[in-house]
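Asks: Encoded as structure tokens, here's the structure I'll be asking about.
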Amino acid sequence: MVGAISEYTQAIQVINQMPSAVRSRLRGNRQGAVYNLAITYYHRGLTRYNSGDKPGAINDLQKAAELFRAQEDPNNHQLAISKIREIQR
């Protein structure tokens, strides 16, 4: 799982370092790179949770939830919030 976390971290860094003009061209099924960033944070959060890192998982899922909300994606926002609540139990 450490390898997966490292890969997600690298993907987050790559997306964050892209010039905004490049990020805007990377259109996924929502708003491009920002949406992909949210998905990456979400999956890194799940991986951290599965590896026993609850605080790290919660931080990543909160970041994903913020990005999903900013993208006006209520379904994925709620999915991230639900996962956070599940971890906190």
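Asks: Does region 29-43 hold any residues that are assigned to a loop (DSSP other than H, G, I, E, B) and open to solvent by less than 40 Å² (accessible area, probe 1.4 Å), and which are they?
Replies: GLY32
Asks: Let me ask another. For region 1-38, give me the residue count where each residue is out of contact with any Phe, Trp or Tyr (no Cβ under 9 Å at 6 or more places or on another chain), of a type in the set (S, T, N, Q) and at pLDDT below 90.
Replies: 6
Asks: If ALA80 meets every condition in (1) surrounded by 19 or more Cβ atoms within 10 Å (Cβ to Cβ); (2) within 19 Å of ILE15 (Cα to Cα); (3) not polar (S, T, N, Q) apart from one, which number is that one?
Replies: (2)
Asks: Just need a number here: residues in region 44-71 that are of a type in the set (Asp, Glu) and either outside any helix (DSSP H, G or I) or at positive phi (or both).
Replies: Within region 44-71, residues that are of a type in the set (Asp, Glu) and either outside any helix (DSSP H, G or I) or at positive phi (or both) number 1.
Asks: Give the number of residues within region 47-75 that are under 18 Å from ILE15 (Cβ atoms), in contact with a helix residue (DSSP H, G or I) (Cβ under 7 Å, 6 or more places away or on another chain), at pLDDT 95 or above and surrounded by fewer than 19 Cβ atoms within 10 Å (Cβ to Cβ).
Replies: Total meeting the criteria: 1.
The values are calculated or read from the model by the stated rules, or taken from the named source; none is laboratory data. Just so it is clear, the structure is predicted and the values come from calculations on it, not from any experiment. Ideal geometry is used to build each Cβ from the backbone, glycine not excepted, and the neighbour counts take in all protein chains shown. Surface accessibility is based on the protein's heavy atoms, side chains included, excluding ligands, DNA and RNA. Shrake-Rupley method; radii C 1.70, N 1.55, O 1.52, S 1.80 Å.
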